[in-house]
Amino acid sequence: MTETSKSLEEFDSELAKVHMRGQWQYDRMLGTVIGGPKPAGVPAIWRWNNILEKLVESCDVLEESFTARRNLTFINPALERGTTHTIAMGMQMLKPGEIAWAHRHTIAALRFAIQGGDGLSTVVDGEICPMEAYDLVLTPRWTWHDHENATGDHAIWLDVLDLGLVMSLNAIFYEPFGDERQPKRADPADYLAARAGSVRPVWERRRDSHVPIRYPWRDIEPRLVAMAGSEGSSYDGIALEYANPMTGGPTLPTLSCWIQLLRSGEETLVHRHTSSSVYFVVRGTGRVVVDETEIEWTKHDAFVIPNWSWHRFINDSKEHDAILFSVNDIPTLKALDLYFEEPELSLASAPWPAVPGNLTRDRRRSS
Ligand code: 1HN
């Protein structure tokens, strides 16, 4: 043992000068997260009336958007950027006749149409994806995309991107196309999306990424309504994931989109998970209680539930169901083996409905 008169603090600063750090300094930091992470950001809501007012103003201020977007991102009051530490949610407005010029980036994105209609579309890698109200359109990483409003009205949609995630990995590439529009595929039979249904060409190589996919609301809503009588999740109600038709897995490699029905009078159990989520109210009214914060929401509001926050949903209405569209980073956490939930794992845990014939047979056997 050698005698030293140096204090640990002095040694720490000496180490810093030679670009080193003792593990004991991390240990101090780790001591603050015993019991789990501190949620990144706070619960917050952006109200439809306020958003709409600012979107309309943005049309005057940003007269022409070129490759930029008239997108207003919802910044979490406790974060520097983004709605959660991984996800950015915002709304975008396009004037009648306008085009948001083509570009591409390694941030994955998706659009959920709010005020859409015949003539509104996002072109993704040359494929025209129409945007009627509540249609979902995917813009996977590095796909060319431009938005075109050929309707007679102002168009509005929700944009959700894995911005914070890709920024923290320092993996952003960005490229403007250099022209208003990208060329469109001439033959709709060549659409990659035409290979993403229940049948596919047997002579072609399978491909499971970077496919422009559109989920029309007219297909999704009936599926949700048909499930209304199911038990659902005690924590999330009737929550359905938009499956990626190429992989059968989550919507995008990093993000999963959900459509969620909260039946009139439904109150879910409180839970928390390492994933964060952003929500958009398609219809109905209700409340979400996140840790100590209670947020009341109504049609077209947008709100955020940070990671590792206790939360539950309440639909007080005696007559009306509520529908929420949401996007979470569960696929990212699962890929990294970091998806945890308390008080129990509720995802993918219930059995499938039993086969009726087996039930009959079992009954016969036991009598
Ligand atoms: C972006 O490219 C779009 O393409 C929307 O519509 C929102 C937010 C941050 C960075 C890029 C779009 C965006 C964005």
Contact list please: Cβ distance under 8 Å, first residue in region 66-93 and within 10 Å of the ligand (Cβ to nearest atom) and in a loop (DSSP other than H, G, I, E, B), second residue open to solvent by 50 Å² or more (accessible area, probe 1.4 Å) and hydrophobic (A, V, I, L, M, F, W, C), pairs at least six apart or on different chains. THR67/TRP101; THR67/PHE177; ALA68/LEU62; ARG70/LEU62; ARG81/ILE75; ARG81/MET167; GLY82/ILE75
Mind telling me which of the residues GLU175, GLU127, GLU132 ends up being of a type in the set (D, E, K, R), modelled with pLDDT of 95 or more and within 14 Å of the ligand (Cβ to nearest atom)? GLU175
Qualifying positions in region 213-240 - open to solvent by 40 Å² or more (accessible area, probe 1.4 Å) and over 24 Å from ASP316 (Cα atoms): ARG214, ARG218, ASP219
Out of ASP187, ASP162, report the one residue that is touching an Asp or Glu at 6+ places or on another chain (Cβ under 8 Å), modelled with pLDDT of 95 or more and either more than 16 Å from the ligand (Cβ to nearest atom) or open to solvent by less than 30 Å² (accessible area, probe 1.4 Å) (or both). ASP162
Residues to consider are THR298, THR332; find the one that is out of contact with any Leu (no Cβ under 8 Å at 6 or more places or on another chain) and among the β-branched types (Val, Ile, Thr). THR298
Kindly list, by first and then second residue, each pair from a residue in region 133-145 that is polar (S, T, N, Q) to a residue that is open to solvent by 30 Å² or more (accessible area, probe 1.4 Å) and within 12 Å of the ligand (Cβ to nearest atom), limited to pairs with Cβ atoms under 8 Å and residues at least 6 apart or on different chains. THR143/ARG104
In this structure, is GLU319 in contact with a Ser or Thr (Cβ under 8 Å, 6 or more places away or on another chain) and either open to solvent by 70 Å² or more (accessible area, probe 1.4 Å) or not hydrophobic (A, V, I, L, M, F, W, C) (or both)? yes
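The values are calculated or read from the model by the stated rules, or taken from the named source; none is laboratory data. Keep in mind that what you see is a predicted model, and the values were worked out from it rather than measured. All Cβ positions, even for glycine, are placed from backbone atoms using ideal geometry, and neighbour counts span all protein chains on display. In case anyone asks, the SASA skips ligands and DNA or RNA and just uses the protein heavy atoms, side chains included. Shrake-Rupley method; radii C 1.70, N 1.55, O 1.52, S 1.80 Å.
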